[in-house]
1. Taking the stretch 54-80 on its own, how many of its residues are hydrophobic (A, V, I, L, M, F, W, C), touching a helix residue (DSSP H, G or I) at 6+ places or on another chain (Cβ under 7 Å) and within 22 Å of G140 (Cα to Cα)?
2. Looking at Q161, Q177 in this structure, which one is in a loop (DSSP other than H, G, I, E, B), outside the structural domain of I405 (by TED's automatic domain parsing) and touching a His at 6+ places or on another chain (Cβ under 9 Å)?
3. Give me a count of the residues in the stretch 56-90 that are polar (S, T, N, Q) and within 27 Å of the chain's Cα centre (by Cα).
4. Give the stretch 28-55 a look and list any residue that's in a helix (DSSP H, G or I), within 25 Å of the chain's Cα centre (by Cα) and at pLDDT below 90, or say none.
5. Give the number of residues within the stretch 252-295 that are in contact with a Phe, Trp or Tyr (Cβ under 9 Å, 6 or more places away or on another chain), farther than 26 Å from S107 by Cα and in contact (Cβ under 8 Å) with a residue 24 or more places away in the chain.
6. May I ask you to verify whether R522 is modelled with pLDDT under 90 and assigned to a helix (DSSP H, G or I)?
7. Would you mind stating whether T230 is touching a residue at least 60 places away in the same chain (Cβ under 8 Å), crowded, with 20+ Cβ neighbours inside 10 Å and hydroxyl-bearing (S, T, Y)?
8. Being of a type outside the set (K, R), over 24 Å from H567 (Cα atoms) and either touching a Gly at 6+ places or on another chain (Cβ under 6 Å) or assigned to a loop (DSSP other than H, G, I, E, B) (or both) is the filter here, so list the residues in the stretch 351-385 that pass it.
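The values are calculated or read from the model by the stated rules, or taken from the named source; none is laboratory data. This is a predicted model, so every value here is computed, not measured. We place every Cβ from the backbone using ideal geometry, glycine too, and count neighbours over all the protein chains shown.
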Amino acid sequence: MTPTQIHRVPTNPTAAPPANPADLLRQLYACRGQAESESELGLAGLAPYQSLAGLEAAVALLAANLGAGGSILVVGDYDADGATGSALAVLGLRALGAPAVSYLVPSRFAYGYGLSPPVVDAAAALAPKLLITVDNGIAGVAGVERANQLGIPVLITDHHQAGAVLPAAAAIVNPNQPGCGFPSKHLAGVGVVFYVLVALRAQLRAAGWFSAARPEPNLAEYLDLVALGTVADVVTLDRNNRILVEQGLRRIRAGRCRPGIRALLQVAGRDPARATATDLGFFVGPRLNAAGRLTEMTLGVECLLCDEPARALDLAGQLDGLNRQRREIEGTMREQAETLVERIQLRGDDLPPAFCLYGKGWHQGVSGIVAARIRERYHRPCIAFADAGEGVLRGSARSVDGLNIRDAIDLVDRRRPGLIERFGGHAMAAGLTLRTAALADFRAAFREAVREQLGEAPVVRQIRSDGELPARLMNLETAEVLRLGGPWGKGFPEPLFDGEFEVVQARLVGERHLKLRLKPERGPFLDAIGFGLGERLEQARGCVRLAYRLDVNEYRGERAPQLILEHLQSTT
């Protein structure tokens with residue numbers, strides 16, 4: 001097990017201890033770099049769209065297409081960001097007056113990731129006048145070349161890092177393309193689509209496009225989709241993204257969300273009126289992603305597009321069933337992956353700086369989750385590979401803080417041209433394709449690239465703590481304030497505290513989860529749950545130091561404070 005260190009975030013030494021939950025929240029905001037004046041997350045605070053490179057050309061292309069009545073085909077990615085972005089593009093363009101908008105989400109199993117020539121050929125069979133990519137396309141040099149050969153203009157909307165060569169598209173909107181001065185580099189794919197639609201609406205308004213017969217749409221109605229895709233893609237929640245997510249959550253809580261999102265919350269057992277970013281990221285997102293992982297994302301997009309609550313609930317139920325299948329597959333693959341790591345340890349070898357794991361029969365759609373689980377357990381970058389047929393492997397990569405995994409793969413590609421067939425992604429996650437025979441060479445080259453970037457220092461899991469939570473604030477009121485004080489997420493982390501407790505009772509829940517009854521130094525007894533911490537049962541005796549989040553436990557209509565454990569170590 002990787003050693004763990006808890007580091008408390010420095011606080012203002014002159015600040016008085018928080019007297020109430022509101023004081024605590026203000027201090028937590030300050031520690032995350034948010035001034036009190038920035039606590040209002042209204043739409044007026046969004047970064048203006050004018051600095052997005054390529055937007056003027058994109059809007060001109062779209063406006064001309066709408067004026068000519070041309071058909072538009074949206075080509076989306078097969079994850080939750082791609083699904084929400086595709087649904088947003090279809091709904092938004094239709095609302096703006098586009099007469100014929102359809103979508104295509106290529107199967108990961110048949111086509112792999114991105115706008116490849118075979119994807120373009122499949123799209124061309126539908127005879128569109130314009131292709132719009134969502135959450136992909138920036139690496140689709142060959143795909144755009146094929147579209148140009150066929151005379152189909154391509155508008156790329158993406159947020160992934162650009163390679164050395166950009167596609168020769170009619171327009172590219174991507175905050176991470178060279179020369180783009182847009183201040184929020186962390187927009188998700190669905191966020192990029194939202195900005196394109198806002199800019200297009202402004203252009204159409206100036207041209208007198210809207211009338212009583214064709215009313216101007218309120219694009220804020222689709223912010224629930226933007227919130228879901230942004231959270232599910234685990235992009236950094238800078239202020240701009242926090243505004244988008246908060247505004248979407250407000251619509252969900254007010255009952256003004258898409259029937260599909262409401263249905264997904266319902267099948268997950270979550271209350272839309274109390275929805276948080278955590279609900280979107282850990283309950284809705286996985287169910288939506290299950291379609292792209294196990295079959296095709298068309299089911300997920302249809303759920304998001306659906307206007308009929310009954311049908312939306314049926315589609316959400318199908319997605320829930322796929323998610324249960326995904327969990328079963330994941331459990332088997334994770335056990336096999338951990339066995340591969342244990343074999344390295346049994347040989348007496350030091351664990352490598354990064355893992356490249358492959359298991360016969362592993363599922364392509366679940367390999368990314370397995371890579372994330374191994375990364376979390378051993379705090380090392382991990383790539384999990386699965387067979388794609390015909391001697392080809394597809395890998396899903398997940399990184400740790402301090403390593404841009406897309407750049408590490410790019411370094412291998414530049415040093416060993418031809419070893420990798422395709423790759424793309426961003427700092428914390430990437431995908432790649434290579435020949436099965438190249439795995440051993442790639443593994444060695446990738447480990448060397450990681451070692452160069454991370455150095456030789458021992459791997460230690462770092463936990464960032466907001467310090468000790470005063471006993472007087474370990475109550476339901478504080479838990480409620482923290483729960484709704486977000487949106488929390490990457491770059492604006494949910495409050496995490498640490499402290500010492502006496503364990504009164506410890507038991508396993510299921511096979512892997514740890515349930516504790518705790519006595520703080522002062523204050524009433526508290527319940528705690530440690531998901532995936534069942535292996536720490538023997539350490540949960542006497543006095544322990546915990547890293548935890550304060551949450552609300554809802555059971556049979558009763559609500560009580562509960563600690564969600566991130567780490568446990570014995571102090572006895």
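1. 9
2. After applying the criteria, what remains is Q161.
3. 2
4. E38
5. Here the count works out to 3.
6. no
7. Taking the combined requirement at face value, the residue satisfies it.
8. G359, G361, W362, H363, I383, F385
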